1. Between Val48 and Phe65, how many nm apart are label points set 7 Å from Cα along the C-beta direction?
2. Keeping the other protein chains in place, figure out the carbon and sulfur percent of the accessible area of the range 76-157, with a 1.4 Å probe.
3. Calculated from DSSP H runs of 4 or more alone, at -39500 (n - 2.57) each and per residue, what is the 222 nm mean residue ellipticity of the chain, nearest 500?
4. Could you sort 104-114, 41-51 so that the peptide with the highest average Cβ count within 10 Å comes first and the rest follow in order?
5. Please give the contour-minus-distance gain from Thr13 to Arg131: 0.36 nm per residue of separation, less the Cα-Cα distance, rounded to one decimal in nm.
6. Given the options Arg78, Arg178, Arg137, which has the most mean-square fluctuation in a GNM of the chain, springs set between C-alpha atoms less than 10 angstrom apart?
7. Would you list, by chain and number, the lysines whose Cα falls below 18 Å from the Cα of Lys244, excluding same-chain residues fewer than 8 positions away?
8. Apply 1/(1 + (r/R0)^6) to the Cβ-Cβ distance of Ala112 and Phe171, taking R0 = 41 Å, and write down the FRET efficiency to the nearest 0.05.
Amino acid sequence: MARIHVLGAGTPTPTPTRFGSSFALELPNGEQLMVDCGPAATHKLVKVGLWPTNIDYMFFTHHHFDHDVDYPCFLLCRWDQSIGKENKLKVFGPPPTEKFTNEIIGSQGAFAHDWKARIGAPGSQRVFVNRGGVLPRTPPEVLAKDIGPGKVYSGKDWEVTAAPAVHVQPFLDSLAYRFDTADGSIVFTGDTEPCDSVRDLAKDADVMLCMCWDEQTIMNKNGEHEGQCGTDGAAIMAMNAGVKKLILVHIGPHLSDPNVKSISARSLSQIYDGEIVFADELMSINI
Ligand SMILES: [Zn+2]
């Protein structure tokens, strides 16, 4: 069975219950991947019962910090916990995914002092050997690739396709992803305003995780409706795409207020008649 774990259901604005964006997806064949790696994603991954060395793929929607700031932590932790028998991590995302990865974990990267010390220090070697590793320890190796729209990757019984999302171009490219698995199709919109490319990508999907910053009339009034979805935008995209379930993610602080949420839930269901879920962090959903 495919299973989605919501690691980060929030935005760049921290709240007591949500901060940043990140998701883990367990595929029917047992493979595990992540979409985005926002604040504390590595720790939240462990909180839902998963483990960094079992994540073999990372997909970035874009490179705002609320979607990637925990990437250094994830890379270092995954490498540190590995004993050399794991699969190489494959990472996909719009530019600067390759450059960013190299600048973090490469031999001249910002954290090279860390892994070089762990490779060389006898005490660190002992911990590695006690964990099951065989010396010598090898440097981190990550297969990172800059990608654009189109077919991204095909696994054994799953494949992933990307489409342009409309967010903060031309400053940063943004992508939405669709995962077609043996158990159904899951779409992650990433950060986007309602647009035809994401709607088409999500056509008839079983689940769409759509960003939802705030209640729509407020966004339309304060000018925050460009480059991102509000309640109406998310509902309209879900309805037009014909998705079976809409999971609202990237929920801002105002929409987190229970009163605003209940008003919004009513207006959402007037537009979209499928199942609607306001995602909470550490929530797990079966497909
Ligand atoms: Zn964001």
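1. That separation, rounded to one decimal, is 2.4 nm.
2. Values: 2570 of 4740 Å².
Solvent-exposed carbon and sulfur of the range 76-157 make up 54 percent of the total.
3. Numbers: 10 runs with 87 residues, N = 287.
Value at 222 nm, helices only, nearest 500: -8500 deg cm²/dmol.
4. Working: 104-114: 15.0, 41-51: 17.5.
Most protected by this proxy first, the peptides run 41-51, 104-114.
5. Working: separation 118, 0.36 × 118 = 42.48 nm, distance 3.80 nm.
Here the answer is 38.7 nm.
6. Fluctuation is largest for Arg137.
7. Leaving aside lysines fewer than 8 places away in the same chain, those within reach of Lys244 are Lys203.
8. Details: r = 28 Å, r/R0 = 0.69.
Efficiency, rounded to the nearest 0.05: 0.90.
The values are calculated or read from the model by the stated rules, or taken from the named source; none is laboratory data. Since this is a predicted model, take the numbers as computed values, not measurements. Backbone-built Cβ (ideal geometry, glycine too); neighbour counts: all protein chains shown. When the accessible area is computed, the model is the full protein with side chains, heavy atoms only, and any ligands, DNA or RNA have been set aside. Shrake-Rupley method; radii C 1.70, N 1.55, O 1.52, S 1.80 Å.
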